[in-house]
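Notes follow the structure.
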């Protein structure tokens, strides 16, 4: 069941993923089995991240981390391939950053990093680096970030971990776009094409959103719109509402630039509603910054 759940998540079958997490927790209650309870927290918690259910994600994963601490590492070692601590701490950090819980975010990704170093497992080190670099990048903590990306891209390539290799390359390209490097949008687009070799759909809307922002920064509105439409359409098709408020935040800017004030206002309202419903304070902050950068009033209520 856990293996099928992981496969469903990779292909963005999110309803199936969430259902299997619920089934695991039901089995745990039925048989009073802490191993199933632990895997259920892990599975449902991780599934809630691409759904944009950040509070539920953090709640499940912190509960799982606490349970694992009481039970010991060996309780479910025959049921999962990755390290439970690293997986739960990493996804917990990435969800907590959207709630703007800075201390919890830092504590979780630092714990994931320490655990990965302790067990000396390249897969876990790469996994933890994804969470750490993602959170630090979104929080604007750039000191030492470039070398961290380079080191763990190399680690993933050397140890033949393609998913994290391509994911980190996309992150690194986005980081360079945030730093205003030339040709950043095309480099980000190329990195996304590499990620598609993994056959995973799950974070492509996020990555295409970043590409849209990069094209906007370079003044190519046509390509920015193309990426933005793709992000919104794919998110709706697969039910992946992670960062959905930001997709509409970008749409508002593009509609404003296209002299469509009514559409821009509606996009802003949609963005604000999604951010509020998800308690995604980071999305609200990033949208406000984006709108101010492009001369759009944030006074729409």
Report summary line: Exposure-ranked with fewest Cβ neighbours within 10 Å first, 233, 103 stand as 103, 233
Report summary line: For the chain, the convex hull over Cα atoms projects on average to an area in nm² of 15.1
**Report entry** For the stretch 131-244, alpha-carbon Rg over 2.2 N^0.38 Å
**Finding:** 1.03
Query raised in the report: How many nm is it between the label spots at residue 266 and residue 237, if each spot is 7 Å from the Cα in line with the beta carbon?
Result: 2.2
Query raised in the report: For the chain, what relative contact order do you get, as a whole percent, if you take Cα pairs closer than 8 Å and at least 6 residues apart?
Result: 15
Query raised in the report: Once every DSSP H run of n ≥ 4 in the chain is given -39500 (n - 2.57) and the sum is divided by its residues, what mean residue ellipticity at 222 nm do you get, rounded to the nearest 500 deg cm²/dmol?
Result: -25000 deg cm²/dmol
Report task. Any chance you could run the full-extension gain for residue 33 through residue 226? It's 0.36 nm times the residue separation minus the Cα-Cα distance, nm to one decimal. Result -> 64.6 nm
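Every number here is computed from the coordinates shown, using simple stated rules; none is lab data. These numbers come from a predicted model, not from an experiment. Cβ atoms come from the backbone with ideal geometry, glycine included; neighbour counts cover every protein chain shown.
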